[in-house]
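Every number in this text was worked out from the coordinates using simple rules, so none of it is lab data. Just so we're clear, the structure is a prediction, and the values are computed from it rather than from any experiment. So basically every Cβ, Gly included, is an ideal-geometry build from the backbone, and we count neighbours across all protein chains shown.
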Ligand code: SF4
């Protein structure tokens, strides 16, 4: 924190109790989320905990008593988004004569901590992912003095918030966290620094949450964690990830199960077998490869080879022939040569990922890939940009070709809701996670209906009910 800043800082250990007992709905929270599903999920928990304290959620920042931005630091752009968001939030706070609390949560908060208070003197609260369960006490404390809470808790002290996101029960699809943090040390990745060590949530609590969601309108459960395949392995007597999949599939009302994120090194034969046994397990898998070059994979410390990845994909496709794969790719990792990049392209051609999230390497603070940069192994910006464009263009063609293969076929769609753009049009997803827009009545939301694909685009499909 800025030593010039006269405001004292309170810490989490004060165990502060809320001073106010507002009537339900008398306070409003505006919550903006950047980044991954883990952040979406944490935001849901924040909404749930604040609702218990009488906060209603608002979409109008201007009328909020509490403004929270849940941040991501995996790439540079989300950090920049934070800066413009805070400008808006402080303008609201000023307009309201200071009667609004502004908070930064998530990975940027975890990474920057007190530095954020020093930079933004109107900021009231900065807290990392481990502090989410203490939101109500932190907000009250921050009314007296700015609060920073970026501690990682010991495994024995960490509590997964069990409160259900009030909006989740009304949806067709919901996230359920099974794990927090990551024990891997991929050299490009900031997550172990921002989310702390891996911890598996007790399977009993996971199944309680799944049952509560499935008892409402939720038909599709997405299990989320940084490395779901290592779920339970470090806890005596806990289920493995594959066993958890079977248990979730046995919950009445659960029609579809997805999960993310997988690490190819940790995916075992038991999970491959689950694709044979469990019809609820959808035919889509996000399996980040990051690079097609063994040399780059070694330098990323991914601990698998191109061949191991290929074998795994072939085993999965044998177990589930219609499996659609998506992946993550980083181009321009320090030291990546043209030959390395060509290997990534050739893997894309061979495995035909249906979609991919591809990015130029972005140096992140305190990651070990920075040492490679210090050795002046940075790939020039224009080279990295040209590689990214080539990769994305190749992916665009493959995505379109894969979607075109679906034209004329009928697929069961889980109907998620109305289209945001066209009245009278509904959106639904195939088991392979393809979005199909088709004309239909709102009464179909939440149901699984057969739809024929009539037109393919790169990122979506159009269809008609059968
Ligand atoms: S597995 Fe690697 S990329 Fe994924 S969160 Fe952990 S360190 Fe980051």
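Treating segment 410-465 as a set of equal point scatterers at the Cα positions, no solvent, please give the Debye-formula log₁₀ I(q)/I(0) at q = 0.31 Å⁻¹. These q points yield log10 I(q)/I(0) values of -1.44. Note on 314, 354: ascending count of other Cβ atoms within 10 Å places them as 314, 354, the fewest first.
Evaluated at q = 0.10, 0.11 Å⁻¹, a Debye calculation over the C-alpha positions of the chain (equal weights, vacuum) places log10 I(q)/I(0) at -0.82, -1.00. Which FRET efficiency value, to the nearest 0.05, do you get for residue 56 and residue 447 by plugging their Cβ-Cβ distance into 1/(1 + (r/R0)^6) with R0 = 25 Å? The calculated FRET efficiency here is 0.25. Put simply, the convex hull of the Cα atoms in segment 193-301 casts, on average, a shadow of 8.1 nm².
Only helical runs count toward this figure. For the chain, summing -39,500 (n - 2.57) over DSSP H runs of n ≥ 4 and dividing by all residues gives -10500 deg cm²/dmol at 222 nm. Principal-axis analysis of the Cα atoms of the chain puts helix 76-95 at an angle of about 40° to the longest axis.
Hey, any idea what the orientation-averaged projected area of the convex hull of segment 331-466's Cα atoms comes to, in nm²?
Taking a quarter of the hull surface, the average projection is 10.6 nm².
Principal-axis analysis of the Cα atoms of the chain puts helix 338-351 at an angle of about 70° to the longest axis.
For the chain, what is the relative contact order in percent, using Cα pairs closer than 8 Å and at least 6 residues apart in sequence?
Details: 937 pairs, mean separation 47.0, N = 466.
With pairs under 8 Å counted, the relative contact order is 10 percent.
State whether segment 12-149 is rounded, prolate or oblate according to the following rule on the C-alpha gyration tensor (a ≥ b ≥ c being the square roots of its eigenvalues): a/c under 1.5 gives rounded; otherwise a/b larger than b/c gives prolate, and the remaining case gives oblate.
Verdict is rounded for segment 12-149.
The order of 267, 406, 138, going from fewest to most other C-beta atoms within 10 Å of their C-beta, is 406, 267, 138.
Taking only the alpha-carbon positions of segment 103-176 and ignoring solvent, what does the Debye formula give for the base-10 log of I(q)/I(0) at q = 0.11, 0.12 Å⁻¹? Debye intensities relative to I(0), on a log10 scale: -0.34, -0.40.
Measuring between their Cα centroids, segment 358-402 and segment 187-243 lie 30 Å from each other.
Panel note: the C-alpha atoms of segment 295-405, placed on their principal axes, show extents of 45, 28, 25 Å (largest first).
Once the Cα atoms are used to define both axes, helix 306-319 deviates from the longest principal axis of the chain by about 70 degrees.
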